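Have a look at the structure below before the remarks.
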Amino acid sequence: MRIAAAQARPAWLDPTAGTKIVVDYLTQAAAAGVQLVAFPETFLSGYPIWLADTGGARFDNPAQKAAYAYYLDAAVTLDGTHLATVREAVADLGVFCYLGITERVRGTVYCTLVAIDPARGVVGAHRKLMPTHEERMVWGIGDGHGLRAHDVGEFRVSGLSCWENWMPQARHALYADGTTLHIATWPGAVRNTEDITRFIAKEGRVYSLAVGAVLDYTDVPSDFPLRDELLALGTPAGYDGGSALAGPDGRWLIEPVAGDERLVIADIDPAAVARERQNFDPTGHYARPDVFTVSVDRRRRNAATFLDD
């Protein structure tokens, strides 16, 4: 199967322009014979890059409140027009898509990884289990509903966002669901993908595809409340991509790519997974379910359950 990581520059907090970028990369991928393309974490509509450098934890601060309101307004909904456009493109082009989004649910934003099948539409919407560090100031905590692998060609494909790829239980759940190709989405940095990508591949005996964006403070819209404060830092934002691919033996097939904005394309072979599982299958012949009991709750969590007649 031919796969690709879309190492692209997002239209930060502009979901309409961002949707056009997604469709453009899907079109390029289809023209190149790609069957699955993955986009970075929260590519639509954007990673919260202002938090660490503008005092995001300042309580009741007017500028931080305004920044969050702007961020919430730019987030998309699962049943909204932006994802509908992406679903239509996926169906027309016949390319399976993993897309990181900022999902709006009333007054809360979730970091959500959406899996879109050409024939079945949205087959998965995984809300990040635990936002990392300052991300908790703008993202809600997700649930296990999206911890699922999906059939794509001869592969079963799974995905996690950013540092939840370091969560052993989350990885174990996906291995147990049969994944043979794992997608790890990131905001975009070589420093994040240079270790865990190969580790996942070797631990799970899977292909491990990492995808990150290219982004700088100059990409922030002119009317964003904290733009001047970000530009005054005088330093790069540090989002340089890092898209990469490791094979099921843990060796690099594509080392982390820095800076380039392009589709990172590779051909992968399911037989390579079978060969590496001869000596290790973490949730198969090397598992010990008689010793370790693992339970994964995949119910969607809601604030209230309404019991009406």
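Of everything in the range 218-231 that is outside any loop (DSSP other than H, G, I, E, B) and more than 21 Å from the chain's Cα centre (by Cα), the residue that is nearest to Val264 (Cα to Cα) is Thr218.
Among the criteria (1) without any contact (Cβ under 8 Å) to a residue 60 or more places away in the chain; (2) crowded, with 18+ Cβ neighbours inside 10 Å; (3) in a loop (DSSP other than H, G, I, E, B), the one Asp240 does not fulfil is (3).
Scan the range 1-16 for residues that are touching a strand residue (DSSP E or B) at 6+ places or on another chain (Cβ under 8 Å) and open to solvent by 10 Å² or more (accessible area, probe 1.4 Å) and the total you get is 5.
Report, by residue number, each residue of the range 162-189 that is touching a residue at least 60 places away in the same chain (Cβ under 8 Å), hydroxyl-bearing (Ser, Thr, Tyr) and more than 14 Å from Gly242 (Cα to Cα).
Once the filter is applied, which keeps residues that are touching a residue at least 60 places away in the same chain (Cβ under 8 Å), hydroxyl-bearing (Ser, Thr, Tyr) and more than 14 Å from Gly242 (Cα to Cα), the range 162-189 yields Tyr175, Thr180.
For the range 200-214, the criterion of a residue being charged (D, E, K, R) and part of a helix (DSSP H, G or I) is satisfied by at least one position.
None of Thr42, Thr85 is assigned to a helix (DSSP H, G or I) and among the hydroxyl-bearing types (Ser, Thr, Tyr) except Thr85.
Within the range 283-302, being within 20 Å of Gly144 (Cβ to Cβ) and either open to solvent by less than 90 Å² (accessible area, probe 1.4 Å) or without any contact (Cβ under 8 Å) to a residue 60 or more places away in the chain (or both) holds for Thr283, Ala287, Pro289, Phe292, Thr293, Val294, Ser295, Val296, Asp297, Arg298, Arg300, Asn302.
Of the residues making up the range 253-282, those that are of a type in the set (A, V, I, L, M), exposed (fewer than 12 other Cβ atoms within 10 Å of the Cβ) and in a loop (DSSP other than H, G, I, E, B) number 0. Scan the range 17-33 and give yes if some residue there is part of a loop (DSSP other than H, G, I, E, B), open to solvent by 10 Å² or more (accessible area, probe 1.4 Å), in contact (Cβ under 8 Å) with a residue 12 or more places away in the chain and among the small types (Gly, Ala, Ser), otherwise no. Yes, the range 17-33 has at least one match.
Within the option set Arg58, Arg104, being assigned to a strand (DSSP E or B), under 20 Å from Glu135 (Cβ atoms), open to solvent by 40 Å² or more (accessible area, probe 1.4 Å) and out of contact with any His (no Cβ under 7 Å at 6 or more places or on another chain) holds for one residue only, Arg104.
The test for being without any contact (Cβ under 8 Å) to a residue 40 or more places away in the chain, within 27 Å of Tyr68 (Cα to Cα), in contact with a helix residue (DSSP H, G or I) (Cβ under 8 Å, 6 or more places away or on another chain) and outside any loop (DSSP other than H, G, I, E, B) does not hold for Asn192.
Here Thr77, Thr112, Thr54 are screened, and the one residue that is under 21 Å from Val214 (Cα atoms) and within 18 Å of the chain's Cα centre (by Cα) is Thr112.
The values are calculated or read from the model by the stated rules, or taken from the named source; none is laboratory data. Please read all numbers here as calculations on a predicted model, not as lab measurements. So basically every Cβ, Gly included, is an ideal-geometry build from the backbone, and we count neighbours across all protein chains shown. Each accessible area value is taken on the protein alone, full model and side chains, heavy atoms only, with ligands, DNA and RNA left out. Shrake-Rupley method; radii C 1.70, N 1.55, O 1.52, S 1.80 Å.
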